[in-house]
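For reference, the structure discussed in these notes is given below.
The values are calculated or read from the model by the stated rules, or taken from the named source; none is laboratory data. Small disclaimer: the values here were computed from a predicted structure and weren't measured. Heads up, the Cβs are rebuilt from the backbone with ideal geometry, glycines too, and the neighbour counts pull from every protein chain shown. Just so you know, the surface numbers come from the protein's heavy atoms only, side chains and all, with ligands and any DNA or RNA stripped out. Shrake-Rupley method; radii C 1.70, N 1.55, O 1.52, S 1.80 Å.
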Amino acid sequence: MVPLSIVRGDATSPQAAGRKIIAHVCNDLGGWGKGFVLAISRRWPEPERAYRRWHRERAGNDFGLGAVQLVQVRPDTWVANMVAQHGMRTGSNGPPIRYDAVATALAALAGHAAELSASVHMPRIGCGLAGGRWERIEPLVTAALCERDVATTVYDYS
């Protein structure tokens, strides 16, 4: 098992050599325009375009809670759009984060990381607009990635 690394910095600019996957949480409504996705879109247009197309064509693909879409943005870097947020607002069913979908998406992400021999980089996924609690998400990250020997770094943006 590799330990989870938590550093200060920008998750869109991973501090690592080799292949990298930048992971983040998306909603299941096709909305892209607030939170960490804005930082991604400032760097690369492809992840937003791919996510919007994936949602638009969802009748014929795997789009839905727990699904992961890998989008290559540089020869050694991919962005993982992970659908783990139901809707966009806190309502009677609590915050939009879906912890079971986070766990499912992270398990798929671990497979992609192993296939690519890539490290994983992320903000504190699901803890911003999705309303999740890091104390519930960190163990999911550790179980899915660190326990499968995937080097994983979480970035706290200062």
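For all pairs of alpha-carbon atoms in the range 1-88, what percent lies in each bin of width 5 Å, listed from the first bin to the last filled one?
It works out to 3, 13, 24, 25, 18, 11, 5, 1, in whole percents.
Using the heavy atoms of the protein chains and a 1.4 angstrom probe, tell me the accessible area per residue for the chain in square angstrom.
Accessible surface, normalised per residue, equals 49 Å².
Could you check how much of the accessible area of the range 71-126 is carbon and sulfur, as a whole percent, using a 1.4 Å probe?
Carbon and sulfur together cover 52 percent of it.
Could you tell me how far the Cα centroid of the range 45-102 sits from the Cα centroid of the range 117-158, in Å?
The two parts, judged by their Cα centres, are 16 Å apart.
Just add up the charged neighbours of Asn27: K/R +1, D/E -1, any other residue whose Cβ is under 14 Å from the Cβ of Asn27.
Once all neighbours under 14 Å are counted, the net charge is +3.
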